[in-house]
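So the structure is just underneath, and the comments pick up after that.
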Amino acid sequence: MCGIVAYIGKKDAYPIIVKGLKRLEYRGYDSAGIALFNDDLHMYKKKGKVNDLTSFVKGKNLEGKVGIGHTRWATHGEPNDVNAHPHTCQNGRLTLIHNGIIENYATIKEALIKDGHSFQSDTDTEVLVHLIGAIQEKDNLPLEEAVRIALSQVVGAYAIVVLDKENPTQLVAARKASPLVVGIGKDEFFLASDATPLVGYTDQVVYLNDEEIAIVNANGTFEIKTIDNEVQTPYIQHLNMNIEKLEKGDYEYFMLKEIYEQPNTIADCMRGRLNAAAGWIRVGGIEKENVKEKMLNAKRFIMAACGTSWHAALIGEYLFEELARIPVEVEYASELRYRNPIINKDDVVIALSQSGETADTLAALEMAKEKGALIYGIVNSVGSSIARITDSGSYIHAGPEIGVASTKAFTGQVTALTLMAINMGYKRGTIPKSYYHQLLRGLEEIPQKVQEALECNDQIEKLAAKFINTKHTLYLGRGYNFPIALEGALKLKEISYIHAEGYPAAEMKHGPIALIDENMPVVVIATNKSAYEKIVSNIQEVKARKGIVIAIVTKGDQEIRKIADYTIEIPDTEEPLTPLLSVIPLQLLSYHIALIRGCNVDQPRNLAKSVTVE
Ligand code: M6R
């Protein structure tokens, strides 16, 4: 977590860094800081959001053509002004920003204290900059060399940028297991946790690899080396991102904008991959040589993910098992990586991640790779760490997702999985031809149907007002709608701070039913065709205990309307495609409840968008 931005060049660094920090604020927002160099170093740090920092620095010296900035999600040390980054070394010469965790910081700190160092903050980051400073000072080494030596002594994850006030015409940056992008402009460089701060300035980028160091100079030259001092040939990529996607436009929150983008983002995910009239689905990632055979003949798929991406994976399990008859296991990446799982060469491990940087997912993939499995990524963030370590994969093309609550990335992931499952089912001969074509037509209609589903917004806004003081909510679903129940509950919890649980509807009788009384809202996703009577019975069971039923039903449903307290209609579709529609009202419900409760929808407390620490 944490976002870092740095600039060196001919322009004023402050506005560039602040704008960049605002774009990276989704990564962490408990404190922020900036260091600028003109005649001397000027450093400002503040607890709170980037806006708190900008108010704090009004009227202060903000000049400088070089600077570094940070927006924090606290790991070591509570969020306060002192623990905010940047941090400086013992003699005050070096200033550093950091994203990641230095795991052996306590040992290093102890040794440094013995050598006379004193620390201001409780952070691991301050220890790192002291270490670099001590190494530099001892043998009067160039910064780059001191960074290299220090990094060979640390255990953990880092993306860092260091500014040396004795040599302010250079910045030294490095990464390991935390992302870092170098933007190359004309006689200027940008360094950032992701490419969004670069948009509008340059479209030339280099994504640093693990254990690489970038040395960028104000004269327009730069070099990339490994921490073993081997010079690397930089792989400069073209950045394809536009400003519109990074701004809220007329929406109050990114989350709402992203919910409303879904007809387009789902269409973008299918673009070039589906043609119902011609009867084909093509997913580049699974057509690749060496990948196709392995995937089609895989003994099983293991899907690894966290949070909302894990819910998408669960839908993947239902899709691949039903349509392609491939056994699937869905794993929390954080559990998978610390077990001793049985993973074989004929397994395919599919990672799902919006950010492509989730530390646990990345580590689980690395482990699976070592065990010889084929690694496939379903990722949103282009050039991210997961996208780069996989053998093959499919981008979901949802564009930057900035609201911490994942919405359009979820439907993008489900769309990619659906395309893959239908394609593989067809190739493996596990779906009848007529059903295959039916699914293709159904999928092509999904963006339009999502648009229709969004029309329930006004109804949901009114409904939301009735539930703002609720303490607990239960979400129930069966089959494809069970993961949607989990996802609906997660959305409500994370942005409105109302406790919510998602359950398979039938499991209700094994415990949660005890919670139901006249105060308990129960959201039932009841669009199933195959288990319709069963879900109707579950609703009856809730009503018999006076629970308040909010039912998501298929358009035209009459039966549930008679028994539920509230019904929300979504368009009809083929059952395996239902999750792409049934999730929409639940996203809106959580959004409106959180909004009316006065919560910061895009930046819920304690959370960060990109979980790059374990
Ligand atoms: O970037 P990832 O998809 O790997 O992130 C995984 C989770 O952290 C993420 O889905 C999280 O649960 C969302 N904020 C939920 O809305």
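The values are calculated or read from the model by the stated rules, or taken from the named source; none is laboratory data. This is a predicted model, so every value here is computed, not measured. Neighbour counts are summed over all protein chains in view; Cβ atoms, including those assigned to glycine, are modelled from backbone coordinates with ideal geometry.
Worth pointing out:
Let's see how each residue does on (1) over 12 Å from residue 586 (Cα atoms); (2) more than 26 Å from the chain's Cα centre (by Cα); (3) not in a helix (DSSP H, G or I):
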site	(1), (2), (3)
461	no, yes, no
488	no, no, no
492	no, no, no
540	yes, yes, no
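- Restricting segment 486-533 to residues that are among the β-branched types (Val, Ile, Thr) and within 16 Å of the ligand (Cβ to nearest atom) leaves a set whose member that is farthest from residue 561 (Cα to Cα) is 495.
- Filtering 415, 430, 411 for residues that are polar (S, T, N, Q), within 22 Å of residue 253 (Cβ to Cβ) and modelled with pLDDT of 95 or more leaves a single hit, 411.
One line per residue, one yes/no per condition, for (1) outside the structural domain of residue 27 (by TED's automatic domain parsing); (2) within 24 Å of residue 76 (Cα to Cα); (3) part of a loop (DSSP other than H, G, I, E, B):
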{"site": "132", "(1), (2), (3)": "no, yes, no"}
{"site": "149", "(1), (2), (3)": "no, yes, no"}
{"site": "187", "(1), (2), (3)": "no, no, yes"}
{"site": "210", "(1), (2), (3)": "no, yes, yes"}
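- The residues of segment 363-385 that are surrounded by fewer than 24 Cβ atoms within 10 Å (Cβ to Cβ) and under 18 Å from residue 158 (Cβ atoms), listed by number, are 363, 366.
- Looking only at residues in segment 348-361 that are over 15 Å from residue 311 (Cα atoms) and modelled with pLDDT of 95 or more, the one that is farthest from the ligand (Cβ to nearest atom) is 348.
- Hey, residue 164 among the charged types (D, E, K, R), in the same structural domain as residue 149 (by TED's automatic domain parsing) and closer than 24 Å to residue 43 by Cα or not: yes
- Those strands (runs of 3 or more DSSP E) lying entirely in segment 2-77 with at least 3 residues of a type in the set (D, E, K, R) and more than 17 Å from residue 604 (Cβ to Cβ): 41-47
- Residues located in segment 211-241, provided they are within 23 Å of the chain's Cα centre (by Cα) and either β-branched (Val, Ile, Thr) or surrounded by fewer than 16 Cβ atoms within 10 Å (Cβ to Cβ) (or both): 237, 238, 240
- Looking only at residues of segment 344-362 that are assigned to a strand (DSSP E or B) and surrounded by 24 or more Cβ atoms within 10 Å (Cβ to Cβ), we find that the one that is nearest to the chain's Cα centre (by Cα) is 353.
- Residue within segment 470-488 that is of a type in the set (Gly, Ala, Ser) and surrounded by fewer than 17 Cβ atoms within 10 Å (Cβ to Cβ) present: no
To keep it simple, each residue is scored yes or no on (1) aromatic (Phe, Trp, Tyr); (2) assigned to a loop (DSSP other than H, G, I, E, B); (3) more than 15 Å from the ligand (Cβ to nearest atom).
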residue: 399; (1), (2), (3): no, yes, no
residue: 419; (1), (2), (3): no, no, yes
residue: 442; (1), (2), (3): no, no, yes
residue: 456; (1), (2), (3): no, no, yes
residue: 464; (1), (2), (3): no, no, yes
residue: 469; (1), (2), (3): no, yes, yes
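- Any chance residue 608 is touching a helix residue (DSSP H, G or I) at 6+ places or on another chain (Cβ under 6 Å) and assigned to a loop (DSSP other than H, G, I, E, B): yes
- Inside segment 401-417, residues that are more than 10 Å from the ligand (Cβ to nearest atom) and either buried (at least 24 other Cβ atoms within 10 Å of the Cβ) or not in a loop (DSSP other than H, G, I, E, B) (or both) make up a count of 7.
- The numbered conditions (1) within 14 Å of residue 416 (Cβ to Cβ); (2) within 16 Å of the ligand (Cβ to nearest atom) are all true for residue 272 except (2).
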